[in-house]
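The values are calculated or read from the model by the stated rules, or taken from the named source; none is laboratory data. Predicted model, so just to flag it, every value in this text is computed and none were measured. Every residue, glycine as well, gets a Cβ built from its backbone with ideal geometry; the counts of neighbours run over all protein chains shown. Each accessible area value is taken on the protein alone, full model and side chains, heavy atoms only, with ligands, DNA and RNA left out. Shrake-Rupley method; radii C 1.70, N 1.55, O 1.52, S 1.80 Å.
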Amino acid sequence: RGTMKSLRFISAEAFVSNAEFARKSLGGVAHNLFPLLFKASYLLEQGEVIHDLVENWPLVDFNIGKLLGTTVDYQEDLSHRTCYVCLESCLTGLRDYVLNHSSPYMKKLKVVDLTGIKDVEVQFCECKKRMGRWTRTQLLSKLCLELLVYLQQTQCNPGTSEISIDVLIDLYVTERNYELAVQALLKKCYCPLKICCVAFRSDNLALQKFFYIIKLTDPSLLRKLEIVHNVRLEMEHLEILFNCIHFPLLMSLTLPARTFNVRRFTDADEGILTNIGEKMGEMTQLTELSISFSILTGRIRKLLSPLKTPLKMLDVSNCSLNHADMAYLANSFHANHLEALDLSGHNIHDLYPSTFFKLLGHSSSVLRSLTLEDCNIQDTHVNMLILSLSPCQKLQEFKFIGNPLSSQALKQIFTFLRELPMLKTVEFPVPRDCYPTGITYPIDDASLCRFDHRKYESVAEELNLILLQANREDVKASTPLFGSYDAAVEETNNELGAYLIKSFKETLEKFTTSF
């Protein structure tokens with residue numbers, strides 16, 4: 001019933017299905033029907049009609065998330081369709097809206113919001129080609145610059161220069177699209193399309209370039225900042241960033257691996273960490289923090305206690321937390337508000353079973369996502385794990401790959417999980433008995449795929465049967481051996497792979513020279 005269409009929507013589909021007729025007839029369409037026609041065109045991937053709808057958009061705002069989301073006429077949410085044909089038509093239509101020769105007094109558009117697009121793994125569009133966040137950044141930057149050049153070279157309608165449209169977008173910048181993005185941001189005051197960066201992701205970028213472009217984005221508007229993988233940001237650089245730039249609206253912060261390493265701390269470093277914690281405390285909107293693969297043993301309190309707003313999402317995977325860190329988390333005011341928690345890479349049941357139990361107890365009323373990958377959870381820990389998870393009745397996602405659990409233990413866990421009413425996603429490990437005897441955990445990448453695939457398939461079928469017997473077809477269970485899908489990494493994996501090979505080559509050359 002969620003995908004039922006109203007008569008209005010069926011009529012809209014019929015109208016846009018003949019692209020030539022629809023394009024000729026737009027001039028006679030009532031303004032309040034444009035959103036309806038846009039969603040119908042998007043569903044049918046009518047790129048030319050989408051282009052013309054946007055080029056002649058008669059309303060004050062264009063919010064793609066709302067336009068494609070659940071509507072009265074058609075409840076299916078299309079915002080996860082990052083169809084290349086449709087999105088390219090949207091953006092080129094936006095450029096041509098500025099250049100369209102209709103009277104500037106007819107042009108009401110002030111805000112375009114592109115942030116509602118959701119990048120997902122499976123695309124349902126017929127073209128099967130997605131336009132991810134990186135490509136959207138690239139294309140919008142390119143169109144803004146082309147627009148500027150065209151306006152400088154051509155005798156345009158005098159009113160064109162008075163057009164000013166804020167384009168809200170989540171930017172994703174790497175070395176390969178850096179120059180284009182920088183030029184577009186530098187010249188945005190001259191361009192009718194004003195890029196307004198709401199979220200910024202940076203990967204494979206030199207620190208100097210990152211510091212330069214982050215200032216151009218207007219950090220006072222940023223709600224989400226992701227500095228990941230191949231940006232070599234260390235603690236002292238983070239202190240400089242926070243001292244020089246203020247992020248008053250920042251809600252979500254992701255830092256790259258090895259930002260912190262307390263094993264080589266000096267007294268000065270302790271002061272830097274304190275300063276960073278205080279600066280984060282000034283970010284009164286901050287509710288999501290990811291600091292995975294840093295070494296923060298015994299320092300979680302120092303970093304998180306200055307925060308004035310409770311965290312809803314915390315990723316401290318592989319951060320070498322000790323008992324004091326876990327005790328702080330369990331007793332902090334963050335615990336009662338945590339909706340997503342990642343404690344991967346910590347030997348939870350051996351090092352701090354009671355504090356982990358207490359932490360989940362405090363967060364159970366709101367916890368939606370829990371990740372416990374490579375936590376050395378064994379068969380002897382299963383009863384304790386189930387007891388810890390029992391209060392978490394709102395849990396929607398549970399990921400525990402990389403743990404040495406037997407087929408029998410997994411069946412026991414699944415028998416419990418099927419009773420969690422809101423559960424939607426489970427990521428479970430390859431059973432230990434599918435691997436050769438003597439396999440050691442955590443399993444290295446070379447051995448990860450060396451298991452009995454036929455036996456695994458048989459166990460996976462049994463686990464799914466446990467779900468089906470409880471009428472839980474709504475739960476998706478899988479074993480992503482190399483981690484969950486990341487749309488941003490998937491889109492730029494060629495560039496990132498080339499960077500890693502280059503880094504490895506340089507390291508080898510340095511080693512050879514020193515040898």
Cα convex hull of segment 7-131, projected area averaged across orientations, nm²: 7.3
Segment 146-214, accessible surface, carbon-and-sulfur percent (1.4 angstrom probe): 52
Mean accessible surface per residue for segment 1-128, computed with a 1.4 Å probe while every protein chain stays in place, in Å²: 49
Assigned charges on the beta-carbon of Lys, Arg, Asp, Glu; the chain dipole about Cα centre (debye): 760
Where GLU88, GLU270, GLU457, GLU226 fall by accessible area, highest first, once all protein chains stay in place (1.4 Å): GLU457, GLU88, GLU270, GLU226
Carbon/sulfur fraction of accessible area - segment 362-484, other protein chains in place, 1.4 Å, %: 51
Backbone HN-Hα couplings from phi across segment 293-307 [Karplus 6.51/-1.76/1.60, Hz, Gly and Pro as x]: 6, 9, 9, 10, 3, x, 10, 4, 4, 4, 7, 9, 5, x, 5
For segment 389-442, alpha-carbon Rg relative to the globular expectation (2.2 N^0.38 Å, N residues): 1.25
Percent carbon-and-sulfur accessible area, segment 1-108, ignoring ligands, DNA and RNA, probe 1.4 Å: 55
In Å², nearest 10: area of GLU162 left accessible to a 1.4 Å probe: 150
Rounded tilt (10° steps) of 7-17 against the dominant C-alpha axis of the chain: 70
Solvent accessible area, Å² - ILE10, 1.4 Å probe, full protein context: 80
For the chain, alpha-carbon Rg relative to the globular expectation (2.2 N^0.38 Å, N residues): 1.09
Probe 1.4 Å - accessible area at VAL85, Å² to nearest ten: 60
Residues whose placed amide H lies under 5 Å from that of LYS424, excluding near-sequence neighbours: GLU397
ASN63 long-range amide H proximity, modeled H, under 5 Å: ASP113
Cα long-axis angle, helix 453-469 against the chain (0 to 90 degrees, to the nearest 10): 80
Rounded to 10°, Cα long-axis angle of helix 407-417 versus longest principal axis of the chain: 60
Solvent exposure of segment 178-280 as accessible area per residue, Å², 1.4 Å probe: 42
Most positive-pole-ward Cα, ALA327, SER41, SER164, against dipole of the chain from beta carbon charges: SER164
Whole-Hz ³J(HN,Hα) from phi, Karplus 6.51 cos²θ - 1.76 cosθ + 1.60, for segment 368-376, glycine and proline x: 10, 9, 10, 10, 10, 7, 6, 9, 6
Amide H within-cut-off set for VAL167, under 5 Å, with H built and near neighbours excluded: VAL112, LYS194, ILE195, CYS196
Accessible area (Å², per residue) of segment 362-484, counting only protein heavy atoms and a probe of 1.4 Å: 49
Translational D in µm²/s for segment 84-171 (Stokes-Einstein at 25 °C, 0.890 mPa s, Kirkwood Rh from C-alpha pairs): 169
Segment 345-402: relative contact order in percent, alpha carbon pairs under 8 Å with at least 6 residues between: 47
Whole-Hz ³J(HN,Hα) from phi, Karplus 6.51 cos²θ - 1.76 cosθ + 1.60, for segment 242-247, glycine and proline x: 6, 6, 8, 10, 9, 10
Taking the chain and dividing mean pair separation by its residue count, relative contact order in percent (alpha carbons under 8 Å, at least six apart): 8
Mean residue ellipticity (222 nm) of the chain, computed from DSSP H runs ≥ 4 via -39,500 (n - 2.57), nearest 500: -12500 deg cm²/dmol
Cα-derived Rg to Rh of segment 362-484, Kirkwood definition: 0.95
